[in-house]
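The values are calculated or read from the model by the stated rules, or taken from the named source; none is laboratory data. If you're wondering where the values come from, they're calculated on a predicted model, not measured in any experiment. A quick note on method: Cβ atoms are made from the backbone with ideal geometry, for glycine too, and the neighbour counts reach across all protein chains shown. Note: accessible area is taken over every heavy atom of the protein model, side chains too, but ligands, DNA and RNA are not part of it. Shrake-Rupley method; radii C 1.70, N 1.55, O 1.52, S 1.80 Å.
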Amino acid sequence: MKFTISRDALIKPLNLVAGVVERRQTLPILANVLLELEGDRLSLTGTDLEVELVGRVQLPAAGEPGEVTVPARKLVDICKSLPEGSDISFTAEDGKVTVKSGRSRFTLSTLPAREFPNVEDSMGTHQFTIKQGQLKRLIDRTGFAMAQQDVRYYLNGMLWELKEQSLRVVATDGHRLALCTLPEPVQVNDDTQVILPRKGVLEMARLLMEDDEDIAIVIGSNHIRATTNEFTFTSKLVDGKFPDYQRVLPRNPNKIVLGSRLELRQAFTRTAILSNEKYRGVRLKLTDNSLDIVANNPEQEEAEEAVPVDYQGESLEIGFNVSYLLDVLSVLSGEQIKMSLSDANSSALLEESDEGDSVYVVMPMRL
């Protein structure tokens, strides 16, 4: 196997593919990236057995075909350290890969390509194509609410629901829930629900760089595959039952508060400074056209903010984790937000005040 490629053409796909490779892995070959050359098409593959990413690069000229695996981290570090605009030539023979550029020469050990694991090719049951920018928005608006290392493993991921030709994604960690629905219909035949693992969601989000380009999604019984012009990404699905998120959405909340997103976000940011570092609780006191936000901590320090809001009704006092509220206010857009409440023990519903595509639920805290 032999070919030459410019450093700048190689570094983007190599970085993304190497990002999938785990630092600590059980099999030595999982630390490697698979290079395959056919004519003038170079493919790079990285996997951790849960997710797999294949990047494709067009070479300026055809090389000698072949396949080989090389240490991912070392190859990334070599390419990063070479000067911009330089050309790199690869030669693989006798179990070693020689990487040359200018006066630099590196010899890397390899492992046989035939030992490289292949994420199984299963038939997809559902297929659709959407714009990368649309998918990125769905993930950006909900991804923060995914659980991390929760024993309820099905929460360590994101629900994708195809229902009546609409795509909705939902994430929850049991304390808050984020839901975003694609405004345009999706051309699929039947309904389905699948859970993408957390790592699969984060890796897929990194690929979505061209907002106006299409991405083709294929969902199978235990895999999801996403393909763009430059990448093919495959992830195993989480085998579990996602909780019924419809039951979490507050029913008929009777206290509707409208406020400036920016003012509320700044007020929460300031009061958070003196909240309890462990529990991050703040108390909201709602009266006619005013919202008081109070935080205090074990050192007997206190912060208080009064924010003008649009509200008429009986007063209410309720506690929340301020970090959860700030997460929501960071992803919402628009001038105003709408917050719907019932009583001190019920969850809050947050959304953009006009017809938005996203809904957020935050559970209250006892303070």
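Take the conditions (1) of a type in the set (S, T, N, Q); (2) touching a Ser or Thr at 6+ places or on another chain (Cβ under 8 Å); (3) closer than 18 Å to residue 240 by Cβ; residue 107 misses just one of them, which is (3). Restricting the range 13-47 to residues that are without any contact (Cβ under 8 Å) to a residue 60 or more places away in the chain and closer than 15 Å to residue 204 by Cα, the residue that is most open to solvent (accessible area, probe 1.4 Å) is 21. The set of residues in the range 315-346 that are part of a loop (DSSP other than H, G, I, E, B) and more than 15 Å from residue 286 (Cα to Cα) comprises 332, 333, 334, 335.
For residue 107, the test of being at pLDDT below 95 and either in a strand (DSSP E or B) or of a type in the set (Phe, Trp, Tyr) (or both) is failed. As a summary of the residue check, residue 323 satisfies the conditions (1) in contact (Cβ under 8 Å) with a residue 60 or more places away in the chain; (2) touching a Lys or Arg at 6+ places or on another chain (Cβ under 6 Å) except for the one numbered (1).
So that you can scan it fast, the table gives a plain yes or no per residue for (1) of a type outside the set (A, V, I, L, M, F, W, C); (2) closer than 26 Å to residue 348 by Cβ; (3) free of Cβ contacts under 8 Å to residues at least 40 places away in the same chain:
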site	(1), (2), (3)
158	no, yes, no
163	yes, yes, yes
172	yes, yes, no
191	yes, no, yes
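Picking from residues in the range 302-314 that are part of a loop (DSSP other than H, G, I, E, B) and open to solvent by 80 Å² or more (accessible area, probe 1.4 Å), the one that is nearest to residue 339 (Cα to Cα) is 312.
Within the range 115-129, can one find any residue that is among the charged types (D, E, K, R), open to solvent by 30 Å² or more (accessible area, probe 1.4 Å), assigned to a helix (DSSP H, G or I) and touching a residue at least 24 places away in the same chain (Cβ under 8 Å)? It would help to see each step written out before you state the result.
Initially, the range 115-129 is screened for residues among the charged types (D, E, K, R), giving 115, 120-121.
If we keep only those that are open to solvent by 30 Å² or more (accessible area, probe 1.4 Å) as well, we get 115, 120-121.
Now drop any that are not assigned to a helix (DSSP H, G or I), which leaves 115.
Next, only the ones that are touching a residue at least 24 places away in the same chain (Cβ under 8 Å) stay: 115.
Yes; the residues of the range 115-129 include at least one that is among the charged types (D, E, K, R), open to solvent by 30 Å² or more (accessible area, probe 1.4 Å), assigned to a helix (DSSP H, G or I) and touching a residue at least 24 places away in the same chain (Cβ under 8 Å).
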